[in-house]
Amino acid sequence: MNSPAMDPRPEPAFQLQWREALSVHNDAIDRDHRWLIELVDRIQSLILRRASLAQLTVALDELARYTEEHFTREEAIQRAAGYPHLGEHHRAHETLKRQLQDLTGRILAQPVDRTTLDALDDDTRRDLLSLLRSWLIDHIIKEDLQLRPWLERFPRDWNPADAPSRPPEKTHQTATPG
């Protein structure tokens, strides 16, 4: 029997369903995360169904485009909220984008006569599923949820483009000398 490290079969897909526990308490980011989860699930489904390479590359292109929009929006909200780990978060975003570009490049480099996902080597298929799983679990669940305490100070529909960048100050009633 093969050990897990030597198992040539690709890793199974990991499906994540949106639930309130994943909310960072910001409607724009939560909407983005819902859509990213749907995109990742769609890509995993394509892999499991052994769809065409063309379908996979279209889905990966959509993921890359939407990711760019989402990361820009999320970092703007973090900046406006005064999130102290913005630099680290930005670096994590850049790493995810680079990993997605690298994998997409490996997929696009497949010989022209290979048109289905059966043509992908196990390493590429496994690396892609691993990246998607890491994206869902390590980034959205572990890293992005760290934003919640910072964003809970604002209304859920807060948009830094049209709202002050600091939460409203709590006013304390104090007696005035008189």
### Size descriptor, Kirkwood hydrodynamic radius, that averages inverse alpha-carbon separations across the stretch 23-151, Å
15.4
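Beta carbons within 10 angstrom, averaged per residue: use that to sort the peptides 28-36, 58-66, highest first.
Numbers: 28-36: 18.3, 58-66: 15.0.
The packing order, highest mean first, is 28-36, 58-66.
Considering Cα pairs under 8 angstrom that are at least six residues apart, work out the relative contact order of the stretch 23-151 and quote it in whole percent.
Numbers: 84 pairs, mean separation 52.6, N = 129.
Computed over the stretch 23-151, the figure is 41 percent.
Sorted from fewest to most neighbouring beta carbons within 10 Å, what does the list 69, 20, 152 look like? Can you show the working numbers first?
Values: 69 11, 20 6, 152 15.
Ordered from fewest to most neighbouring Cβ atoms within 10 Å, 69, 20, 152 come out as 20, 69, 152.
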### Computed lengthening from residue 134 to residue 88, 0.36 nm per intervening residue step minus Cα-Cα distance
14.9 nm
### Query
When 71, 154 are ordered from fewest to most other Cβ atoms inside 10 Å of their Cβ, what list results?
71, 154
### Summary
Under the Karplus relation with 6.51, -1.76 and 1.60 and θ = phi - 60°, whole-Hz ³J(HN,Hα) for the stretch 67-73, x at Gly and Pro, equal 4, 4, 4, 5, 4, 4, 5
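Every number in this text was worked out from the coordinates using simple rules, so none of it is lab data. Everything numeric here is computed off the predicted structure, so don't read it as measured data. Ideal geometry is used to build each Cβ from the backbone, glycine not excepted, and the neighbour counts take in all protein chains shown.
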